[in-house]
Structures are given as structure tokens and as C-alpha cells.
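Rule-based calculations on the coordinates, nothing more; no lab input. Just so it is clear, the structure is predicted and the values come from calculations on it, not from any experiment. When we count neighbours, we look across all protein chains shown, and the Cβ atoms used for this are built from the backbone with ideal geometry, even at glycine.
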């Protein structure tokens with residue numbers, strides 16, 4: 001093969017965008033020192049990568065997985081929290097586990113004051129005789 005054209009590779013990878021992504025990944029792997037599966041014939045790495053894809057000498061599924069792993073920014077692991085696992089395995093509901101954890105803590109945590117509740121009267125309003133702040 002003197003020149004690699006897209007038509008040669010499209011038979012193996014029909015999506016042209018995917019073909020570009022796979023060939024770029026393979027060319028970078030060749031640059032990093034991976035062994036070639038075809039003769040170089042004085043070609044540059046992108047051309048060698050395309051020739052390998054066209055000849056079917058590289059595992060395309062392995063290349064696809066490598067591309068996906070390289071593009072992932074955050075890999076979520078489906079591991080349950082160990083603290084709650086024993087309770088969940090015993091058949092308790094999640095709310096029961098949370099209540100048990102709150103009871104085990106030092107006490108009830110307050111996320112605001114009584115003045116934050118609707119209809120509550122703060123100290124300044126009570127001193128004015130219940131009038132609205134700023135006078136009437």
C-alpha cells in the first residue's frame with residue numbers, strides 16, 4: 001500500500017469520526033513505543049496506524065476501550081458504603097440507618113435558630129411590642 005485512503009479503513013470502521021479517534025490513539029501508542037503490526041515502509045505514525053486498521057492487524061475493540069478510558073474524567077465505582085452495609089444487609093431501611101447514626105452522634109444538630117422558623121418573633125421585635133422592624 002503506497003497511500004492509505006479513508007476508503008480502505010471505512011470497511012473496518014464505518015464511522016469516520018471513530019476512525020479518526022482510533023487511528024490517533026494507535027499513532028500515539030506507536031509513538032510511545034508499542035510494536036508495529038505492519039512494516040513501516042518509511043511512513044509516519046498516523047499512516048502506519050491507518051494501515052494497521054485497514055489491514056485488520058490491530059484489535060479494534062481493545063483500541064475502542066482504550067479511547068473510552070482515556071476520555072473518561074471521573075470513573076464511578078459502584079461500591080456501597082461499609083458503615084451502612086451491615087444494616088442494609090440486615091434488611092433495615094435507609095431511613096432507619098440514618099436515624100440510628102444521628103442517635104449515635106453527640107446529640108441533635110441544630111441547623112438554624114428558632115428565629116429562622118416562619119412566624120417566629122425575634123428578640124428585637126418582642127422588645128418593640130410586636131411591631132414590624134423599622135416602625136410603622
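Before moving on, here are some points about what is shown:
- For the pair residue 62 and residue 41, the difference between a 0.36 nm per residue extended length and the Cα-Cα distance amounts to 5.1 nm.
- Sorted ascending by nearby beta carbons within 10 Å, beginning with the fewest, 21, 12 become 12, 21.
- Mean Cβ neighbour count within 10 Å, used as a protection proxy, ranking 26-39, 46-59 highest first: 46-59, 26-39
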